[in-house]
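Here the structure is laid out as structure tokens; the discussion comes afterwards.
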Amino acid sequence: MKTWAAEALNTAPDSKNEIHGDKLAKEFGFKGGLVPGVTISAYLLHPVIEKWGIEWLNNGFAKCMITSPLYDKEKFEVISEEVSEEKILTTLNKSDQTICANAEAALSKNSLKPPKRRGDTIASQDYVGPQATKDIWDKLKKEGCFSFRYLWGGENPLIYLRDPNQLPDLLNPKKDGFANLSFLLGCSNWILASNAYMNPWIHLQTTSHNFRAVPMGTPLIAEMQVKDCYDKKGHEFIDVDVNLFDERDEECIMMINLLAIYKVRGA
């Protein structure tokens, strides 16, 4: 087993999803704004990228599950266990030894066929989605969702640690690094929240397959399909599939399944 330790960064304190801000999070019984689930997932997969590098970014699998909140500046450690040459299990423990999240990552043995782009209508920059309800999700499931454009790059690309030099060189934007998992999985969060307005909502789990690494300056198009919407223990859940495509050649670079609570109990 190996251990990697770091300090958590809340990458979305001013998000429209106010669960990442202190005020609303505390109203729901949390100590403060929640570190986004996609950022926690990037922590879980940091040792995986250090181990497998570009090979995993080009042909890798991951399932990340968030089980407990993590807060800004909180110390944590990720324990990784190589159960085989092609499979790694990771666990994120907080300083009080509470398990916050865990992941299974693997190198894909059999090449999964990348999905083709459907050609969903791309939303305008000023599009505002309707309030998320079961009826809205059912409508989107039946009629389809808007797609959205994203860009890996720009003046301040999203990273999961305060100091980019603490990232693997492969992911360091100062060295024209490839897109990291906080950004790539974040695209699934953003398209979900753009198709239907949710506040607050909580990211729980992603299952993802990489098809190729994403170089600096790559324009992406995300397409989403609603799989399921259901109630459980007072929370309301949404389950969607998201595919990310390189806009230049329309090849799929990543497919993601995202599970989230779109309406928190008591909201």
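The values are calculated or read from the model by the stated rules, or taken from the named source; none is laboratory data. Note that the coordinates shown come from a computational prediction; the quantities given were computed from them, not determined experimentally. Because the Cβ atoms are built from the backbone with ideal geometry, glycine has one as well, and the counts that use them run over all protein chains shown.
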key: Selected residue (criterion: nearest to C100 (Cα to Cα)) from residues of region 45-65 that are without any contact (Cβ under 8 Å) to a residue 60 or more places away in the chain and among the hydrophobic types (A, V, I, L, M, F, W, C)   = V48
ask   = So how many residues does region 169-224 have that are over 13 Å from N58 (Cα atoms), touching a strand residue (DSSP E or B) at 6+ places or on another chain (Cβ under 6 Å) and either part of a strand (DSSP E or B) or of a type in the set (S, T, Y) (or both)?
value = 16
note = Counting only residues that are surrounded by 11 or more Cβ atoms within 10 Å (Cβ to Cβ) and either in contact with an Asp or Glu (Cβ under 6 Å, 6 or more places away or on another chain) or not in a strand (DSSP E or B) (or both), region 235-259 contains a total of 8
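Is it true that some residue in region 226-233 is buried (at least 23 other Cβ atoms within 10 Å of the Cβ), assigned to a strand (DSSP E or B) and touching a Cys at 6+ places or on another chain (Cβ under 8 Å)?
Going residue by residue through region 226-233, those that are buried (at least 23 other Cβ atoms within 10 Å of the Cβ) are none.
No, the conditions are met nowhere in region 226-233.
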query = Filter region 98-138 for residues that are over 30 Å from I79 (Cα atoms) and among the acidic types (D, E); which is surrounded by the fewest Cβ atoms within 10 Å (Cβ to Cβ)?
reply = D126
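Being assigned to a strand (DSSP E or B) and either surrounded by fewer than 18 Cβ atoms within 10 Å (Cβ to Cβ) or among the polar types (S, T, N, Q) (or both): is that true of I88 here? Don't jump to the end; show me each part of the working.
On the way: assigned to a strand (DSSP E or B): yes; either surrounded by fewer than 18 Cβ atoms within 10 Å (Cβ to Cβ) or among the polar types (S, T, N, Q) (or both): no.
For I88, the condition - assigned to a strand (DSSP E or B) and either surrounded by fewer than 18 Cβ atoms within 10 Å (Cβ to Cβ) or among the polar types (S, T, N, Q) (or both) - is not met.
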query = Regarding V48, is this residue at pLDDT 95 or above, farther than 27 Å from A132 by Cβ, buried (at least 21 other Cβ atoms within 10 Å of the Cβ) and among the β-branched types (V, I, T)?
reply = yes
key: Looking only at region 51-64, and only at residues there that are in contact with a helix residue (DSSP H, G or I) (Cβ under 9 Å, 6 or more places away or on another chain) and either on the phi < 0 side of the Ramachandran plot or hydroxyl-bearing (S, T, Y) (or both), the one that is surrounded by the most Cβ atoms within 10 Å (Cβ to Cβ)   = C64
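Name the residue that is nearest to G53 (Cα to Cα), counting only residues in region 153-200 that are among the hydrophobic types (A, V, I, L, M, F, W, C) and over 14 Å from the mean Cα position of the chain (by Cα). Can you show your working first?
Step one: filter region 153-200 for residues among the hydrophobic types (A, V, I, L, M, F, W, C), giving 158-159, 161, 167, 170-171, 178-179, 181, 183-185, 187, 190-193, 196, 198.
Now drop any that are not over 14 Å from the mean Cα position of the chain (by Cα), which leaves 161, 167, 170-171, 178, 196, 198.
Details: L161: 18, L167: 12, L170: 7, L171: 9, F178: 11, A196: 35, M198: 35 Å.
For region 153-200, the residue satisfying everything is L170.
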ask   = Hey, does region 57-66 have a residue that's in contact with a Lys or Arg (Cβ under 7 Å, 6 or more places away or on another chain) and over 29 Å from S111 (Cβ atoms)?
value = no
